[in-house]
1. Enter the accessible area per residue of the chain (Å², integer; probe 1.4 Å; all protein chains in place).
2. Which entries in the list Lys169/Lys296; Lys169/Lys280; Lys154/Lys246; Lys154/Lys252; Lys154/Lys247 go over 28 Å, if you measure between the two C-alpha atoms of each?
3. What helices does the chain hold that run 24 Å or longer along their axis, going by alpha-carbon atoms, with a Kyte-Doolittle average of -0.5 or more, using DSSP H for the helix calls?
4. Can you tell me what share of the DSSP beta bridges in region 42-139 is antiparallel? A percent to the nearest 5 is fine.
5. Can you give the charge dipole size of region 1-100 about its Cα centre, rounded to the nearest 20 debye, using +1 on the beta carbon of Lys and Arg and -1 on the beta carbon of Asp and Glu?
6. Over the chain, what is the relative contact order in percent, taking alpha-carbon pairs closer than 8 angstrom and at least six residues apart?
7. For Asn26 and His206, compute 0.36 nm times the residue count separating them, minus their Cα-Cα distance, and round to one decimal in nm.
8. What's the carbon and sulfur percent of the chain's accessible surface, probe 1.4 angstrom, rounded to a whole number?
Amino acid sequence: MNRLRIIFIGTPDFAVASLQALIANNYNVVAVVTAVDKPAGRGMQIQKSEVKLFAEQQGIDILQPPNLKDETFLKTLQAYQADLQIVVAFRMLSQLVWAMPRLGTINVHGSLLPNYRGAAPIHWAVMNGEIETGVTTFRLRHEIDTGNILLQKKVLIASEDTTGSMYEKLKIEGAHLLIATMELIVKNNDYAGEEQDKSQSINWQHAPKILPQHGVIDWHNEGKKIVNQIRGLSPMPGAYTVVANKKLKIFKAFFEEQSHHHEHGKFFIDAKTELKFACKNGFIHIRELQLEGKKKMNTTDFLRGNTILQ
């Protein structure tokens, strides 16, 4: 059994897959760092992070610092005398944290770095119509997502994939890649990896945090771009348009290319089973949607039970 002392840092279920893989492969995870418990949902009940729930099941020590620079937290973290830290889906760390272990800190990122550096790499890869993305393990340093690459794995993006389906694929591939990376580090503690490509001739895409304005559908755009936006924001936070002063989120749709003279954004209902919106070069046919204040449903059920579009 490998006895490197590991601190695992992460919050959502995307990170849990990697933590599970470490435990299943007998790596010595001495503690986890995760987000503080917070209220969520309609009842605003206090919720634990997915990483915390799993760590509790495994009997792993849990740290939940509100402030990553807090002196008490840093002393507690130092006391574990970790050889290595692993970060998966967590907020930006200060150098006081990532530089602490003797072997540094490695990160699992949901893109093929240096492409799609940032907070939302899966969303942006799908929204931009990419046909492949992947996962990268790399060493943390001060500038976000710029450290030396350890390993990478390409993953194809199918035409029907959404951010939701890619999230599941990359979650699993990321866990596999982490174990391969750990095997590499165990064999050679000093393995530094390779510097990221700094070529100025390549237009690397960025992956900033998704903001509310990114969800607004512009019906003046070409159909393929709109469908990619819908796929990239499904299931969260959802691409949307406004109908009768209510937000209408769209989660599944397909594009029909066709010349027309209709106003962009005008909608059409066919036999109370089909809903489509006119766009620049055709029509966007809606398959799954959610009206503000209502539950998500398919188009047929929506048209049967709502009169807002009538």
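1. 52
2. In this structure, Lys169/Lys280; Lys154/Lys246; Lys154/Lys247 exceed 28 Å between Cα atoms.
3. Values: long enough: 163-187 (35 Å, 0.42).
Within the chain the helices that satisfy the rule are 163-187.
4. Here the share of antiparallel DSSP bridges comes out near 50 percent.
5. That gives region 1-100 a dipole magnitude of about 100 debye.
6. Computed value for the chain: 13 percent relative contact order.
7. 61.2 nm
8. Roughly 50 percent, rounded to a whole number.
The values are calculated or read from the model by the stated rules, or taken from the named source; none is laboratory data. As the structure is a prediction and not an experimental result, all values here were calculated from the model. Methodologically, a virtual Cβ is constructed for each residue, glycine included, from the backbone with ideal geometry; neighbour enumeration extends over all protein chains shown. Ligands, DNA and RNA are stripped out before the accessible areas are found, and what is left, the full protein with its side chains, is counted by its heavy atoms. Shrake-Rupley method; radii C 1.70, N 1.55, O 1.52, S 1.80 Å.
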